[in-house]
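The values are calculated or read from the model by the stated rules, or taken from the named source; none is laboratory data. Being a predicted model, the structure only gives us computed values, none of them experimental. Virtual Cβ from ideal backbone geometry, glycine too; neighbours counted across all protein chains shown.
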Amino acid sequence: MSVLPFWQRLLITLIAMLVASWIAGLIWQSVFRFPLPSYVGGSVGGLAALPVWDLLKRIRPNDM
């Protein structure tokens, strides 16, 4: 069995980063009534990417 290809892990991680940043922005906007600073959104996305990347390295697709 092999691990997910690099490009698949990268694509899924990028999507997870964007979604985490977007959700953090929505929550921030509803609580503080002004836009989320970009450096905070990037930090949230980056921190969300770490466990996703690690999880995807452990997933082994079934060989058919």
(request) Select, from M64, M1, the only residue that is exposed (fewer than 11 other Cβ atoms within 10 Å of the Cβ), modelled with pLDDT under 95 and in contact with a Lys or Arg (Cβ under 9 Å, 6 or more places away or on another chain). (result) M1
(request) Kindly provide the set of residues from the stretch 9-61 that are over 16 Å from the mean Cα position of the chain (by Cα) and surrounded by 13 or more Cβ atoms within 10 Å (Cβ to Cβ), ordered by number. (result) W28, L36
(request) Using the structure shown, decide if V19 is in a helix (DSSP H, G or I) and either modelled with pLDDT of 95 or more or out of contact with any Asp or Glu (no Cβ under 6 Å at 6 or more places or on another chain) (or both). (result) yes
